[in-house]
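Values quoted throughout were computed directly from the atomic coordinates according to the rules given, and no laboratory measurement underlies them. Everything numeric here is computed off the predicted structure, so don't read it as measured data. Cβ sites come from the backbone with ideal geometry, for glycine too, and all protein chains shown count toward neighbours.
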Amino acid sequence: MQQPTEKHIENKERRTFLKLAGIAAAGGAIGLNSACRSTTPKVPAIDPGLSETGFWKSIREQFALGPDQVYMNIGTTGAMPLRVLENFDRYNRMVARHPMGFADELGWDFGFHVQREKLSGQFGCSKDEIVFTRNTTDGLNTILFGLPLERGDEILLSHHEHVSALSPLYILKDRLGVVLTEVEIPVLNLEHRDQVVEAFQKQITGKTKAILFSHIPYKTGTRLPADALCKLARDNGLISIVDGAHCPGMIELNFREMGCDFYAASGHKWQCGPGATGILYVRNHGDNLPLLWPQNSCLYQFVSQPVENDRSRITDFSSLFTLRGQDNYPALQAMLDACDLWEEIGRDRIEAYVCELSSYLKKRIKQTFGDSVLLFSPDKPEFTSGLTSFNPFPDANNQKKVESFVDRLKKEMGYIIRSTEFHLHKEDSKSTYALRVSTHLFHDRKQIDAVVDAMHLIWKDL
């Protein structure tokens, strides 16, 4: 049997140190000790008067993340804050005791007027434009299958879209003959916003009806210029559809200022609400409102049909989608509670903190892995998000190495990240693979340093 060498012992000790360092940073800052108590922990109050360091420490204490790992995959799903978790449990027990308590005790009356009013105010729109959904996929399906598309109509989309959009798009292609045209967005050579806009502009034809894009593509984490792309659509008489799965809870949003027609997003990722919660924006003010058939609604014959689905005659358009069968009202109310917590912290403050951590992570990656590392999202304010995707290996097409890296980082070091797969260029025959790290409001620079050091150790061993 091979005896362990001094190097093996040193690496093992370093692995143990890095794992403990990351967990200690998490445990000391994320309320892990209290989360493991048998009694319900007292959620610390948020004091905006604290120093910057003290303030974000108090924010990290709002969460109940496990003590055995450092979770950095918010791009897949977030973590409910303690107060949201407690409320969610209370709401479920309330409805279990009184099955119709969602109306009497939770206040979810028919039409969701109070809830839509509250949520719309947080996202720069009005009550008649906001819809509660189950997730981004639900919202995108509601829009794409509700548009009056015909054979030969064209939809432009980026070459980095998620299957949540691609699946309904390909159904439209196969069922109705809708033409899908992929637009290659720059990755490694992205320097300015106009590059993205010009890429879409070049593909617009007389048959183009809509532009669909991810505000932050999950593959790379680059923040695309949503306002400029929506203006491009508007100037050319096109419908703008935005997949905003990663945006609520990460960046501050104002749908009216963005100028989009439709925006589908999730409540369980960066907003840290329960699973199967989301929001959908449907523009209901201004000129040229797109015709939309409310296929995912129980109220068509009561609201739309009497006025022949004429948008100009439906004042409260989003009310159409307030009855779509039985909803999970405890989950939706808990998502609203998470939104209220974000408002208390300050969405602009959260965005600045998350993006600063992301920028710091990118700099540490470059310093640690060298100039040869591939960063798939530029370290520039206009493109930065809480997602950082990169590949430190000489062969960026090596799927096995990337997947092994993610697995070992979890098992040996206790850090949870994920991998993504995409084509750098639209016509590439081989996929490029990336490591994707999420940084959110419950992380800090110490954890960034620790995860980079841990990744570097795994990288040297592969």
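Shown here: the stretch 141-249, whose C-alpha atoms stretch 37, 29, 22 Å along the first, second and third principal axes, sorted largest to smallest. Averaging Cα coordinates gives a centre for the stretch 179-214 and one for the stretch 249-304; these two points are 23 Å apart.
Using only Cα coordinates, the Kirkwood hydrodynamic radius of the chain works out to 23.4 Å.
Of Lys231/Lys366; Lys57/Lys127; Lys269/Lys362; Lys42/Lys127, which ones are farther than 23 Å apart at the Cα? In this structure, Lys231/Lys366; Lys57/Lys127; Lys42/Lys127 lie more than 23 Å apart at Cα. For Val178, nonlocal amide neighbours, meaning residues 5 or more places apart or on other chains whose placed amide H falls under 5 Å from its own, are Gly152, Lys173.
The three principal axes of the C-alpha atoms in the stretch 229-316 carry coordinate ranges of 39, 34, 17 Å, sorted with the longest axis first.
If exposed GluC sites (Glu not before Pro) are those in a DSSP loop with at most 15 other Cβ within 10 Å, what is the longest stretch of the chain that has none? In short, 192-307.
So what is the calculated 222 nm ellipticity per residue for the chain, using -39500 (n - 2.57) for each DSSP H run with n of 4 or more, over all residues, to the nearest 500 deg cm²/dmol? Taking each H run of at least 4 residues, the total per residue is -12000 deg cm²/dmol.
Taken one residue at a time, the phi angles of the stretch 453-462 give Karplus couplings (6.51, -1.76, 1.60, θ = phi - 60°) of 5, 5, 5, 5, 5, 4, 4, 5, 8, 9 Hz. Gly and Pro are set to x. How much of the DSSP beta bridge set in the chain is antiparallel, as a percent to the nearest 5? Once the DSSP bridges in the chain are tallied, antiparallel ones form about 50 percent. Summing charges over neighbours of His159, with a neighbour being any other residue whose Cβ is under 11 Å away from its Cβ, gives -3 when K and R count +1 and D and E count -1.
From the largest down, the stretch 309-462 spans 62, 40, 32 angstrom on the principal axes of its Cα atoms. Projecting the Cα atoms of Ala45, Tyr71, Gln295 onto the charge dipole of the chain, computed from C-beta unit charges around the Cα centre, puts Tyr71 farthest toward the positive end.
More than 23 angstrom separation, counting every C-alpha pair in the stretch 103-193; what % is that? That fraction is 48 percent. Take the stretch 395-462, drop everything but the C-alpha atoms, weight them equally and run the Debye formula without solvent; then report log10 I(q)/I(0) at 0.13, 0.25 Å⁻¹ to two decimals. Evaluating at q = 0.13, 0.25 Å⁻¹ gives log10 I(q)/I(0) of -0.41, -1.10. Ordering Val354, Phe390, Phe369 by Cα displacement along the dipole of the stretch 345-404 toward the positive end leaves Phe369 in first place; charges were set at the Cβ atoms of Lys, Arg (+1) and Asp, Glu (-1).
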